[in-house]
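Comments concern the structure below.
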Amino acid sequence: MRIALCNEVIAPMPYPQQCEYAAKLGYDGLELAPYTLSDEPHRMGTAQLAATRSAAEAAGIAITGLHWLLVKPAGLSITTRDDAVRRRTLDVMRAFVDQCAELGGRYLVHGSPHQRRIDPGDTRAAALARAQECFAAVAERAAKAGVVYCVEPLSAEQTPLINTLEEASQVVKSVGNPALKSMLDCSAAARSEKEPVAALVERTNLRAADQIVVVSRFRFTRDEGLATTLQSAPQ
C-alpha cells in the first residue's frame, strides 16, 4: 500500500517544495490536481511533464495519480446537453490519461462535482447517460495507456449525480471496461452512505473486479485540511 498526499492542500508552495514537504512528512507520493500546475494543464508538454516527474523523484517520492481533473480549463461538463462542450471535456480527460501515464501515475480519480451537474430542465437519467458515454470513451484511452480511471461518488451536497458507491459501481458495470473502476472517498461516504464506511467496505467487497481500493481520507486541523489517499491497488 502507498500513502499519497493530495497536493492542492499545499498548492501555495512551489511544486518542488511540495514534493520535498510530502517526503518529509513520510508520504510515499503526491496525488496531483492538474489545475495546481497550470491554467491549461491539459496542454502541458513533454518537457514540463518530465520536470514534474523529476522533481518528485528527486525528493524520493512518486506521483501516484491525478484527481480533481476538470477544474481547468473552465466550462467543462460530462453531463451537459451541449455536444461541443462534452467533446471538449472528453479531449481534456483523454489528455490527462496520457499525462498520468507519462508522469508515472497509475490511476485518475474523477470527482469534479461541478462538471457533472444536471442542466436546468434536463433529467437525471439523460445526464447520467451522457456521463456514462464519457466514462466509456475515456476508459478506452486509459486501457491503452495502462492506467485506471476511477469514478468517484460524491455527496449530494456537491453534485446531484453519482452520490453512492453503488451508483458508481453501476456505471462501471454498465461500461464493462476493466480500465474503469470505482473508488471510495471516506469523507463523501460519511455524508452519502446509509451505513458506516467499515460496513460498506465489507459489504461491497472493494477488491472485487469492478473496484479499486483508493480511499481518500480527510483529516482537518483548525486552519486547513490535509487530504490523504491510501492506494492499495494498483501498485
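By how many nm would the segment from Asp39 to Asp122 lengthen if fully extended, with 0.36 nm per residue of separation less the alpha-carbon distance? Walk me through the numbers before you get to the answer.
Values: separation 83, 0.36 × 83 = 29.88 nm, distance 3.03 nm.
Stretched fully, the Asp39-Asp122 segment lengthens by 26.9 nm.
How would Tyr27, Tyr35, Tyr107 line up from fewest to most surrounding beta-carbon atoms within 10 angstrom? Spell out each step's value before the answer.
Working: Tyr27 21, Tyr35 17, Tyr107 24.
If I rank by nearby Cβ atoms, fewest first, I get Tyr35, Tyr27, Tyr107.
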For Ile63, list long-range residues whose amide hydrogen, built 1.01 Å from N in the peptide plane, is under 5 Å from its own amide hydrogen.
Leu30
3J(HN,Hα) from dihedral phi, the range 91-97, Karplus parametrisation 6.51/-1.76/1.60, rounded to Hz, x for glycine, proline
4, 5, 4, 5, 4, 5, 4
If N is the number of residues in the chain, what value comes out of its Cα radius of gyration divided by 2.2 N^0.38 Å?
0.96
Sort Lys72, Lys194, Lys144, Lys181 so the one with the fewest other Cβ atoms within 10 Å of its own Cβ comes first.
Lys194, Lys144, Lys72, Lys181
Roughly how big is the range 153-199's charge dipole about its Cα centre, with Cβ charges of +1 (Lys, Arg) and -1 (Asp, Glu), in debye to the nearest 20?
140
I want to check the label-to-label distance for Ser174 and Ala74. Put each point 7 Å from Cα in the C-beta direction and report it in nm to one decimal.
3.1
Roughly how far apart, in whole Å, are the Cα centres of the range 144-158 and the range 77-100?
14
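Round to the nearest 0.05 the FRET efficiency obtained for Glu140 and Ala47 when R0 = 30 Å and r is the Cβ-Cβ distance.
Values: r = 27 Å, r/R0 = 0.91.
Result of the calculation: an efficiency of 0.65.
Using a cut-off of 9 Å between beta-carbons, work out the net charge of the residues near Thr164 (Lys and Arg +1, Asp and Glu -1, Thr164 not included). Can you show the working numbers first?
Working: positive: Lys194; negative: Glu166, Glu167, Glu193.
Net local charge, Thr164 excluded: -2.
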Qualifying lysines (Cα of each under 23 Å from Cα of Lys194; at least 8 residues distant if same chain)
Lys173, Lys181
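All of the numbers you see were taken from the coordinates with simple rules; none came from a lab. Just so we're clear, the structure is a prediction, and the values are computed from it rather than from any experiment. Don't worry about glycine lacking a Cβ; one is built from the backbone with ideal geometry, like all the others, and counts go over all protein chains shown.
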